[in-house]
1. Among the residues of the range A:34-44, is there at least one that is assigned to a strand (DSSP E or B), within 14 Å of chain B (Cβ to nearest Cβ) and over 30 Å from B:Pro8 (Cβ atoms)?
2. Any residue that is away from chain B (no Cβ under 13 Å), small (Gly, Ala, Ser), at negative phi and not in a strand (DSSP E or B) - is there at least one of those in the range A:55-76?
3. Considering only residues that are touching a residue at least 60 places away in the same chain (Cβ under 8 Å) and over 17 Å from the mean Cα position of the chain (by Cα), which ones fall in the range A:29-51?
4. Count, please, the residues in the range B:29-52 that happen to be at pLDDT below 95 and more than 10 Å from every other protein chain (Cβ to nearest Cβ).
5. Confirm whether B:Ile60 is in a loop (DSSP other than H, G, I, E, B), within 21 Å of A:Val89 (Cβ to Cβ), more than 8 Å from chain A (Cβ to nearest Cβ) and β-branched (Val, Ile, Thr).
6. What about A:Glu17, is it in a loop (DSSP other than H, G, I, E, B), surrounded by fewer than 17 Cβ atoms within 10 Å (Cβ to Cβ), without any contact (Cβ under 8 Å) to a residue 24 or more places away in the chain and away from chain B (no Cβ under 14 Å)?
7. With respect to A:Ala7, is the statement that it is modelled with pLDDT of 90 or more, part of a loop (DSSP other than H, G, I, E, B) and closer than 18 Å to A:Val114 by Cβ true?
8. Take the conditions surrounded by fewer than 20 Cβ atoms within 10 Å (Cβ to Cβ), in contact (Cβ under 8 Å) with a residue 24 or more places away in the chain, under 19 Å from A:Leu104 (Cα atoms) and out of contact with any helix residue (DSSP H, G or I) (no Cβ under 8 Å at 6 or more places or on another chain) and apply them to B:Asp59. Does it pass?
Amino acid sequence: AQKVTQAQTEISVVEKEDVTLDCVYETRDTTYYLFWYKQPPSGELVFLIRRNSFDEQNEISGRYSWNFQKSTSSFNFTITASQVVDSAVYFCALSEAMVGYSTLTFGKGTMLLVSP
Amino acid sequence: DGGITQSPKYLFRKEGQNVTLSCEQNLNHDAMYWYRQDPGQGLRLIYYSQIVNDFQKGDIAEGYSVSREKKESFPLTVTSAQKNPTAFYLCASKASGTNTGELFFGEGSRLTVL
């Protein structure tokens, strides 16, 4: 069975600090997909990134960057120079590449609070 | 604009009553999902549907029922058998035939049982 662990329940930082959100996953499949979603106070989950298991290149998008390491089964998310608008709950998720449809397994989320 | 619409946004229910949450999408997605979110618990899958007139139980289906009579609609009924129904409910959809596509979410419905 697949599992996603986000050990950090809540993180508080001051604006402009860098912050890393940890994600560790478990799966028996060799082909799988990892995701990060952001849930602002409005409630809707917003897709941030998808990474497949064969692509271990790190990715940078503006102030966001992701570090995927298969050796440690981790897919960590770093926000550089955090802003108040980054305050949200962030979810890491895993999808196994089964034949047909599969479902996403979510971690319990990390609440990020960025204060001015 | 394409997207997922959930209604109502807030709902109050007395114990022993059934309640139905609406989820409509105009993204032409085949697959639709219902998740439940509790504080500190993340998202847990209730039911999902791959195509019209077909659906499967997720991890916490007990006390819930769904139907999928139309491609764009996937309503969730929270029955009186659900012992702890107060939660935030999220509906999502995904493009057909792929395990790689991300889920698109609605804004959620918050159910409170009085």
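1. yes
2. Among the residues of the range A:55-76, at least one is away from chain B (no Cβ under 13 Å), small (Gly, Ala, Ser), at negative phi and not in a strand (DSSP E or B), which makes the answer yes.
3. A:Asp29, A:Thr31
4. Of the residues in the range B:29-52, 3 are at pLDDT below 95 and more than 10 Å from every other protein chain (Cβ to nearest Cβ).
5. yes
6. So A:Glu17 fails the test.
7. Criteria not met by A:Ala7.
8. Taking the combined requirement at face value, the residue does not satisfy it.
The values are calculated or read from the model by the stated rules, or taken from the named source; none is laboratory data. This one's a predicted model, so the numbers in the text were calculated from it and none came from an experiment. In this analysis, Cβ positions are derived from the backbone assuming ideal geometry, glycine residues included, and neighbour counts consider all displayed protein chains.
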